[in-house]
Amino acid sequence: MKNSMRLLAMRRITFAVISFCILTVTTGSACAQIVLPSTVVQGMLNGISYSGNLAPGTFVAIFGSDLAFATKAAASEPLPTELDGVSVTIGGIAAPLSFISPGQINAIIPFEVPLSPVVPVVVTTSAGASTPFNIYYLSKDSPALLTRNGSGTGAALAFDANFKPVTVATNSPIVLYAAGLGATNPPGSSASGGNATPPLNVVEDNLSVFVGDVPATIGFAGLAPGFPGVYQLNVTPNGPISDRVYLRVNGWQSNIASVPIAAGANVANVTGSISALYPVDYPMIFDSALLTAARFTASFDIVSGAKPFSVVATTDAGKAVININPTEGTWQAAFSAPTAQSRTGNFSAASWTILYFVGECVLPYDDQPCGPISGNIIAGPFDPNQVSAQEQLPLPTTVAADGVNGTFSQSGILPAGGHFDVAAVGLPAAFGGWLQIAIGSASTTTTYGLYVDGKLITSNVQTYGAGCPWCY
């Protein structure tokens with residue numbers, strides 16, 4: 001697959017399809033609303049994934065009151081820095097605007113904004129400038145996958161090599177679209193998107209693309225031409241074993257979307273369950289490190305003449321994979337789990353930074369920026385449910401690239417008679433791992449899923465961070 005594959009074909013998609021969801025707003029009569037009241041910015045989220053992670057070059061959704069007189073969208077690119085008398089500065093730099101309304105503005109954080117401890121956001125209208133709303137932690141990257149419903153959930157915006165929607169993900173090249181992948185070489189334009197001809201604006205940071213929970217081969221990753229804030233990813237899957245697709249870069253993980261896959265015909269009489277290992281609605285006491293863990297069961301019969309297949313249990317922060325080879329009569333398992341070091345709050349080996357979230361730094365009520373914990377080591381306090389859950393997880397035998405998670409491996413011989421049960425062969429019933437989350441994130445959900453031979457057997461969704469009094 002050539003790096004330039006289908007870059008120009010991106011223009012076949014309307015900007016409305018790939019842009020993020022615009023929330024419903026109510027506007028007053030233009031005749032009655034002669035002067036706007038004071039403009040107030042109440043919060044900001046990643047405009048594609050709707051997480052709290054923000055970075056230069058990222059679409060953002062700015063929420064507030066009296067942000068504009070009426071609703072208006074940019075007509076074309078390059079995106080303007082003023083729409084209907086409304087402008088936004090982020091870190092003192094004018095931001096490109098794609099949409100304005102009284103309750104929401106969609107903009108792009110300029111690539112030129114420095115990664116300062118505090119980055120002020122100011123919305124200016126004909127009524128004047130808002131009080132600065134501070135971003136207390138601006139990441140280098142904030143990866144997000146574009147989805148068909150525009151809200152960061154469900155089916156990914158994915159096309160095959162002929163630029164037709166992907167109906168089944170196999171080992172053939174596909175095209176995905178993303179945001180928040182950071183700086184490019186050569187530098188890209190915040191307002192115009194990528195170059196249509198070489199040199200193309202290639203992503204600089206260490207990006208991983210997972211299609212079907214398996215790392216895909218990246219042929220091209222860079223800014224899409226003519227689409228500000230949008231990156232195009234040309235990738236080749238390497239044997240999907242689930243329908244999940246997501247990105248990782250510099251310790252951050254994107255929203256998890258889906259691509260269709262074909263289920264196999266290697267099993268019968270399948271039963272299974274998966275659930276959270278502990279309640280994760282405990283109010284977060286620090287950001288950037290949240291342990292999500294699950295327990296699962298799986299039982300099935302392997303049919304005569306079965307080909308190799310996989311059992312996959314998943315949550316946002318990790319997975320358990322059991323590869324079964326009926327021809328050789330063997331199975332191999334790899335379960336994710338936090339390292340012994342990270343279980344004690346020692347994140348000194350992490351590829352990301354812990355920011356303190358208690359005491360003098362409870363945001364947004366205290367207008368002081370949070371700072372890194374000394375040595376990236378947390379003394380506590382810890383949720384006792386979390387501590388209990390960690391004791392049920394296997395200790396990893398290898399450490400993952402993020403420095404805080406690892407992989408527990410085990411193998412064995414298939415039972416006689418062709419019936420496989422996870423518990424019966426002596427495998428751990430639980431897995432999990434640390435997930436990096438952004439400071440000030442609102443309540444977020446994590447999905448637990450169990451796949452057997454490419455078929456989703458069961459799933460459930462749980463909210464974490466619920467009731468967090470300092471989350472906006």
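The values are calculated or read from the model by the stated rules, or taken from the named source; none is laboratory data. What you are looking at is a predicted structure, and each value in this text was computed from that prediction instead of being measured. Note that each Cβ is placed from the backbone with ideal geometry, even for glycine, and that neighbours are counted across all protein chains shown.
Here are some notes:
- Filtering segment 74-111 to residues that are without any contact (Cβ under 8 Å) to a residue 40 or more places away in the chain and in a strand (DSSP E or B) leaves GLU82, LEU83, VAL86, SER87, VAL88, THR89, ILE93, ALA94, LEU97, ILE100.
- In the set TYR472, TYR451, only one residue is modelled with pLDDT under 95 and under 24 Å from the mean Cα position of the chain (by Cα); that residue is TYR472.
- Test: residue in segment 85-99 that is surrounded by fewer than 24 Cβ atoms within 10 Å (Cβ to Cβ), farther than 23 Å from GLY193 by Cα, of a type outside the set (D, E, K, R) and in contact with a Leu (Cβ under 7 Å, 6 or more places away or on another chain): no
- Sole residue being in contact (Cβ under 8 Å) with a residue 60 or more places away in the chain, in a strand (DSSP E or B) and closer than 22 Å to PRO260 by Cβ, chosen from VAL175, VAL168: VAL175
- Failed item, numbered, when ILE285 is tested on (1) surrounded by fewer than 24 Cβ atoms within 10 Å (Cβ to Cβ); (2) farther than 19 Å from GLY432 by Cα; (3) touching a strand residue (DSSP E or B) at 6+ places or on another chain (Cβ under 7 Å); (4) at pLDDT below 95: (3)
- Output for segment 222-266, where each listed residue is small (Gly, Ala, Ser), surrounded by fewer than 24 Cβ atoms within 10 Å (Cβ to Cβ) and outside any loop (DSSP other than H, G, I, E, B): SER258
- Taking residues in segment 115-127 that are surrounded by fewer than 14 Cβ atoms within 10 Å (Cβ to Cβ), and partners anywhere that are of a type outside the set (Asp, Glu) and at pLDDT 90 or above, the pairs with Cβ atoms closer than 6 Å and at least 6 places apart or on different chains are SER126/GLY85.
- Taken over segment 381-433, the criterion of being under 12 Å from SER336 (Cα atoms) and β-branched (Val, Ile, Thr) is satisfied by THR397, THR398, VAL399, VAL404, THR407.
- Scope segment 318-351; condition of a type outside the set (Ser, Thr, Tyr), crowded, with 19+ Cβ neighbours inside 10 Å and not in a strand (DSSP E or B); matching residues: PRO326, ARG343, PHE347, ALA350
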